[in-house]
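Bear in mind that the values in this text are calculations on the coordinates, not laboratory data. Keep in mind that what you see is a predicted model, and the values were worked out from it rather than measured. All Cβ positions, glycine included, derive from the backbone under ideal geometry; neighbour counts span all protein chains shown.
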Amino acid sequence: MKKSLAYKIIEAHLVEGKMQAGEEISIKIDQTLTQDSTGTMAYLQFEAMGIDKVKTKRSVAYIDHNTLQTGFENADDHAYIISTALSHGVYVSKPGNGICHQIHLERFGIPGMTLLGSDSHTPTNGGIGMLAIGAGGLDVAVAMGGGAYHLIMPKIVNVELKGKLTGSTAAKDIILEVLRIMSVKGGVGKVIEYSGEGAASLSVPERATITNMGAELGATTSIFPSDEITKRFLTSQGRAKDFTELKADDGAYYDEKIVIDLNNLEPLAACPHSPDNVKKVSELSDLKVDQVCIGSCTNSSYLDMMRVAAILKGKTVNPSVSLAISPGSKQVLSMLAKNGALYDLIASGARILECACGPCIGMGQSPKTDAVSVRTFNRNFFGRSGTKSAQVYLVSAETAAVTALTGKLTSPKDYLGKTIEIDMPEVFEINDNLILKPEDYKDIQIVRGPNIKPFPINTKLPEKVSGKVLLKMADNITTDHIMPSDSKLLPFRSNIPHLSDYCLSPVDSEFPKRAKEQGGGFLVAGTNYGQGSSREHAALVPLYLKIKGVLALSFARIHRDNLINNGILPLEFMDEKDYQDLEQNDELIIENAVEQVKNGIVEVKNVTKNKIIKTSLNISKRSVNMLIEGGLLNSVKNA
Ligand code: MIC
Ligand code: SF4
């Protein structure tokens, strides 16, 4: 068989299983990354496994999300992560160094290797030819300990990019077009592999914009070949030795194929409140804009920032717009400072923020009531900006910059008239003084401030599982609904009891109270339940609230794994009508739960309506054992 690139990398890392789409396989993980909002939990779990040193080729702990220090909590978490990571052989990227995915691309990513990260945008490093997958903290902790990562062998989809980007379109428009075609559920169980003349013409940061936002398709990951352009990028980062050429065989087998002609692409925008609600910018051009934010792991590279600086140079931001810019890394920011582009940004009236996730995760810059906010980010889920009434549109860096000048959503096609040519630098500024190496900190003591609280661990699955339906939800519920995150809640990512008072509050503010009064129960949801972030808190907090199972029409990949890892039953309706008939407060019972879970088909009795609901688990034998043992940690301990 002629092989795709993703197939070859999986094959080279295969530990167990048959490489047939839909079968469970396990792969060896070469590198891991964690960030601070999921990291405290991942390291607490790693410590609970009792392993002294990480067994990967490289593991890095980044501090980039919770960087607003309005109280002691975030700083406590940083101190804990830094000390525990170094003591276990993990490199640390200190706050101020930048966003994990951007830095990993610059300093650590290696073509052909596997990377598992406790952040859903880990696939960003597919832009450099890695097989980079996002997962829950527990799965990353296991990989740090040398354990294989278990996943369902994905289908491999080829996206062929024909032609080339015209001056007014950008890599962001390509991924928005893919989202328009495939939707936020279209990538579930799939790897998206890019090819064609258009792919070959994109720089590494542009490829990374595309693989980054592949997370929004629900895809396992996305990948580009490693070619001359990759070689040049690595060489300019002083890492020529990390380069290997990698590509699919000619005529490789793909499960599906999509062709996009870049010559016909237009500037696009994802409209509120979903990354796949994509329209042409030209159709939205009268939209008055209050805020523009440029940055995030999708669009904060040197190239993006230089294009923005070129657009803003010598001009003034529209008086009705607040423009915030967060460069992706210290490397990017220091290069902008050196070549004068930072001056152009500041002089135009932009508000320069620290190199971090910042407004993308609601850490500051929440827009005003009813604001229209235009952002270069990857998610515009309801409430994520920190302002519930805000309308967030996702666009390219070029569209964002021209919009900041006009005050209305504006297509670069109408405004610029000419292509902005920015050359990739021959040599990037290399200064790793915010990266700590474990070998330099041999005797470090682990620091545990009062913000670090124990996390809940499930118990074995009982024979009888019962409870009421505590909440019935619609399709596409995100992890931002299940466990909202903003500057007020993120400091409590190590404090599950505190977070529990906010669980699912964007859907129903009474839910946490009800769950506590009832002593737990079941959740009911439509399709794609748990899309978005990898945050394990979206499972740990329901576990704390004694949620026993979620009945849904379908689940997003990482969230389903997180539920299983924590011993919560992810039950899929076999008949859509059962979803429609179920109501809040219906009393449910699962008899012979252990036997039923082993069989993979679970009959749930609706006592209130005197009806049997058939659900399926659709999971591997290993996951079944985990559910019976009460989660991954218990099954590792009892193995
Ligand atoms: C996000 O973009 O939602 C985050 C914050 O990076 C998350 C991780 C988290 O919830 O801490 C992610 O995408 O995995
Ligand atoms: Fe950070 Fe936003 Fe990227 Fe998540 S999506 S890693 S919050 S920049």
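Quick notes
- Between the Cα long axis of helix 171-182 and the first principal axis of the chain there is an angle of about 40°, rounded to the nearest 10.
- Fewest-first ranking of Arg514, Arg560, Arg375, using other Cβ atoms within 10 Å as the exposure measure: Arg514, Arg560, Arg375
- If R0 is taken as 35 Å, the Cβ-Cβ distance between Leu553 and Lys241 corresponds to a FRET efficiency of 0.10.
- Relative to the Cα centre, the charge distribution of the range 171-325, modelled as +1 at Lys and Arg Cβ and -1 at Asp and Glu Cβ, gives a dipole magnitude of about 600 debye.
- Signed unit charges on C-beta, dipole axis of the chain, positive-most listed residue Pro454, Val636, Ala240: Pro454
- For the range 576-639, the calculated P(r) over all alpha carbon pairs, in 5 Å bins from 0 to the bin holding the longest distance, is 4, 17, 22, 19, 16, 12, 6, 4, 0 percent.
- Reach of Lys172 by Cα under 21 Å, taken over lysines that are not fewer than 8 positions away in the same chain: Lys162, Lys164, Lys185, Lys190, Lys257, Lys279, Lys280, Lys408, Lys413, Lys418
- Cα gyration tensor shape of the range 396-513, rounded if a/c is under 1.5, else prolate or oblate by comparing a/b with b/c: oblate
- Residue ranges 78-85, 631-638 sort as 78-85, 631-638 when ordered by packing (mean number of other C-beta atoms within 10 Å per residue, highest first).
- Amide H contacts under 5 Å for Thr527, placed H, 5+ residues apart: Asp475, Asn476, Leu553, Ser554
- Bridging of Lys368 to aspartates and glutamates at a Cα separation below 18 Å is possible for Asp290, Asp486, once same-chain residues fewer than 8 apart are set aside.
- Shape analysis of the chain based on the Cα gyration tensor places the equivalent ellipsoid semi-axes at 37, 27, 25 Å, largest first.
- Rounded if a/c under 1.5, otherwise prolate or oblate - the range 195-268, Cα gyration tensor axes: prolate
- Placing one equal scatterer on every Cα of the range 119-262 and applying the Debye formula, the log10 ratio I(q)/I(0) at q = 0.15, 0.21 Å⁻¹ is -0.75, -1.36.
- Couplings 3J(HN,Hα) for the range 542-559, derived from phi with the Karplus relation 6.51 cos²θ - 1.76 cosθ + 1.60 (θ = phi - 60°), are x, 4, 4, 7, 6, 6, 9, x, 10, 9, 9, 6, 6, 10, 7, 4, 5, 5 Hz, where x marks Gly and Pro.
- Size of electric dipole in the chain: Cβ of Lys, Arg +1 and of Asp, Glu -1, about Cα centre, debye, nearest 20: 420
- Those trypsin sites (Lys or Arg not before Pro) in the range 1-109 that DSSP places in a loop and that have at most 11 other beta carbons within 10 Å: Lys2, Lys18
- For the range 1-68, alpha-carbon Rg and Dmax in angstrom: 16.0, 52
- Tensor-based shape of the range 108-199 (alpha-carbon gyration tensor, a/c under 1.5 rounded, otherwise prolate or oblate): prolate
- Using only alpha carbons, the range 259-380 has a radius of gyration to Kirkwood radius ratio (Rg to Rh) of 0.97.
- Relative contact order computed over the chain (Cα-Cα under 8 Å; 6+ residues apart), in percent: 14
- Relative exposure of Ile601, Ile258, judged by other C-beta atoms within 10 Å (fewest first): Ile601, Ile258
- J(HN,Hα) series, the range 560-566, from Karplus relation 6.51 cos²θ - 1.76 cosθ + 1.60, nearest Hz, glycine and proline x: 4, 4, 5, 4, 5, 4, 10
- A DSSP coil position with no more than 15 other Cβ atoms inside 10 Å describes the following GluC sites (Glu not before Pro) in the range 204-290: Glu245.
- For Ser534, the residues 5 or more places off, or on other chains, whose built amide H falls under 5 Å of its own are Ser120.
- Other-chain or far-sequence residues with amide H under 5 Å of Ile258's (modelled H): Asn158, Val159, Glu160
- Each of Ile435, Val395, Gln291 was scored by the projection of its Cα onto the charge dipole of the chain, and the greatest displacement toward the positive side belongs to Ile435; charges sit on the C-beta of Lys, Arg, Asp and Glu.
- Going by neighbour counts of Cβ atoms within 10 Å, the residues Met213, Met473, Met306 line up, fewest first, as Met473, Met306, Met213.
- Spin-label pair Lys279-Lys437: with each label point 7 Å from Cα along the Cα-Cβ axis, the two points sit 5.3 nm from one another.
- One equal scatterer on each Cα of the range 1-120, no solvent, Debye formula: the resulting log10 I(q)/I(0) at q = 0.15 Å⁻¹ is -0.74.
- Per-residue 3J(HN,Hα) values for the range 155-170, derived from phi via the Karplus relation 6.51 cos²θ - 1.76 cosθ + 1.60 with θ = phi - 60°, read 6, 10, 9, 9, 10, 8, 9, 8, x, 9, 5, 7, x, 9, 9, 9 Hz in sequence order (x marks Gly and Pro).
- The separation of the range 357-380 from the range 167-216, counted between C-alpha centres, amounts to 22 Å.
- In a reduced charge model with +1 at each Lys and Arg Cβ and -1 at each Asp and Glu Cβ, the range 413-526 shows a dipole moment near 1000 debye about its Cα centre.
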